[in-house]
Amino acid sequence: MHLMTRDARGADVRAPFDGTRWRFKDDEVVLEKHGDDRLIRIESAGAAPVTYRLTRVIGGRTREDFAGVDDSGSREELVLPVSYVFATRSLRYKGYSVMVHERDNLRAGPVWNRACIFCHNTVPEMDRFLGAIAGPAAKPYQAEQVDRWLPDTRRARTGVANEPAFFRALHDEEVRLGGVLADGDGTARGEARRGIDVVRAGFDGSALIEVGIGCEGCHGGSREHALNPSVLPSLVPAAPWLDVAFPGGGPATPVNRVCARCHQVLFSRYPFTWEGGRRDQTAGGSHINSGEARDFLLGGCSKAMSCTACHDPHGSGDKGRLRALATRSGNLVCTACHVELRDAERVRAHAHHDPQGSGGACIACHMPKKNMGLDGELTRYHRIGSPTDAARVLGDRPLECALCHADRSAGALVVTMEQWWPVRYPRQRIEELYGSLDANVMRATLERGKPHEQAVAIATLGAAKARDAAPLIGRELLSDYPLIRDWAKRALVSILGRCDVDLSANDATIARQASACLGGPIPPPVASPTNEDPED
């Protein structure tokens, strides 16, 4: 994680800064290197070229993003509109890893220190807590405490135990950030809201404790530990002025809260979440990477099991270790608490699957692969629950059992669940979701689902090489969401062997190339849901 952000000079970069050109609709971007400087030049149609000198390289596990300053002399570091994706060894519009709408041209994005800096670097703990102290009416800012995205019963209680000490600490931080101190109301909540304004305006690279995610990014302030190694850092936030109480206790809670500082994101203004929720109302789980820890806090195991039971925060992300968790041996993580399921026959009775097969792995059903991973593969949903939960069956498509049983109809799966477990589902609601009880779950999800639901169907049908689904998948090459277009193309390559569609071209070109790929015209695209929020 330490390489999450790197100074551009001297960084090991995989993107081709060798004069490579990449075209996006009518615009082009050029990647070059002059001496020690890496440059990105944007050549927009009808406008003078603008050259940016890279200052930051962001990421490095699945892709590289970039921030830089333009040649006007401005010191503002802007997020640049191009990513280098490792899986495809190709360039892509920055931002298209999340559910944003299609863009018309290349343009530099937000200011780096207002969009990326908190999660991708090591920052003072003080600044993270201002939102929790300021209360729900405060302005949101990146990487604040996760609680505003949780139900009330699962929120931590954060307060000020010593107001004078808090005011002194806040004043020192405001001065360090060069803030203009407005008059406050003398209350902790009011002063915290004032402090948020200073953080939003003044926090930049010079305010970081460390570039990238260092030890204190997770372990908190460690000055005492550095002075005396026998004093261990604590994962529980501590300060003379701070009072924090976690809900329900449990040994894993502090660890999971640390991870949720950054892995909490309900990206973009895409409104829909799992469990039939909405981002701006009662939000369910996230549908893409980077929301895993918040999703985990919503589930059934977050008090007893920590993220580190499966993930090594000090390692490089061993995929072999994670694959092993989806086997019978991986169940040992779960049976540390659920001791009755150490017995194979108890697993058979509980899961109704062969305990030695893939269906006998706990996470096959309780952490299904239905989220869009940054590497283009479906990844596991971290809100631990059951595929029989009413909120999932009646609020979402597809039925999670169809992730493995993609050939089944909605009615057949519902009948099986009702036979195996003490559950009952209203057939009218199932018909509303899938159009008919006889409808194939995945194909109906592709035709009728919300975009994030369609992505699951696209990936599943692509992996199954379902040739008859190719026209419906091909329609999503013109989805309103570039991320869905990308998943559709990947699925078509899996099904057809190749699909030469340039997703950076204009829609007319994409439609022509898609027809050639499919051997006939593609069905017209489905309009986006009418109750969707506008994009930023």
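The values are calculated or read from the model by the stated rules, or taken from the named source; none is laboratory data. If you're wondering where the values come from, they're calculated on a predicted model, not measured in any experiment. Methodologically, a virtual Cβ is constructed for each residue, glycine included, from the backbone with ideal geometry; neighbour enumeration extends over all protein chains shown. To get the accessible areas, we keep the full protein, side chains included, count just its heavy atoms, and leave off ligands, DNA and RNA. Shrake-Rupley method; radii C 1.70, N 1.55, O 1.52, S 1.80 Å.
Annotations
- When Thr282, Thr335 are compared by accessible area at a 1.4 angstrom probe, the order from most to least is Thr282, Thr335.
- Protein accessible area in the stretch 383-536, 1.4 Å probe - carbon and sulfur %: 52 percent
- MRE, 222 nm, helices only [DSSP H, n ≥ 4, -39500 (n - 2.57), over the chain, to nearest 500]: -8500 deg cm²/dmol
- Selection from Gly330, Thr388, Ala344 lying farthest towards where the dipole of the stretch 313-458 points positive, charges on Cβ: Gly330
- When only the Cβ of Lys, Arg, Asp and Glu is charged (+1, +1, -1, -1), the dipole of the stretch 316-376 relative to its Cα centre reaches about 140 debye.
- Working from label points 7 Å from Cα in the Cα-to-Cβ sense, the Ala390 to Arg23 distance is 5.6 nm.
- Computed over the stretch 1-135: relative contact order in percent, which uses C-alpha pairs under 8 Å that are six or more apart: 19 percent
- The dipole here belongs to the chain: it is taken about the Cα centre, uses +1 on the Cβ of Lys and Arg and -1 on the Cβ of Asp and Glu, and is about 1200 debye.
- Correct choice for percent of Cα pairs over 41 Å apart that was computed from the model, options (1) 44; (2) 19; (3) 26: (3)
- Taking all protein chains as they are arranged and a probe of 1.4 Å, the heavy atoms of His314 leave approximately 150 Å² accessible to solvent.
- The count of lysine pairs in the chain whose Cα atoms are under 17 Å apart, excluding pairs fewer than 8 places apart on the same chain, comes to 4.
- ³J(HN,Hα), Karplus 6.51/-1.76/1.60, whole Hz, each residue of the stretch 360-367, x for Gly, Pro: x, 7, 3, 6, 4, 9, 8, 9
- Listed residue (Ala67, Phe166, Ala293) projecting farthest to the positive dipole end of the chain, Cβ model: Ala293
- Relative frequency of Cα-Cα separations exceeding 16 Å in the stretch 416-536, percent: 63 percent
- Counting only protein heavy atoms and using a 1.4 Å probe, the accessible area of Ile209 comes to about 80 Å².
- Residues of the chain: accessible area per residue with a 1.4 Å probe, Å²: 46 Å²
- Normalising the average separation of contacting C-alpha pairs (under 8 angstrom, six or more residues apart) by the number of residues puts the relative contact order of the chain at 11 percent.
- For the stretch 282-391, relative contact order (Cα pairs under 8 Å, six or more residues apart, normalised by length) works out to 33 percent.
- Normalised by 2.2 N^0.38 Å, where N is the number of residues, the alpha-carbon radius of gyration of the stretch 208-249 equals 1.33.
- Rounded to the nearest 10 Å², the accessible area of Val30 at probe 1.4 Å: 0 Å²
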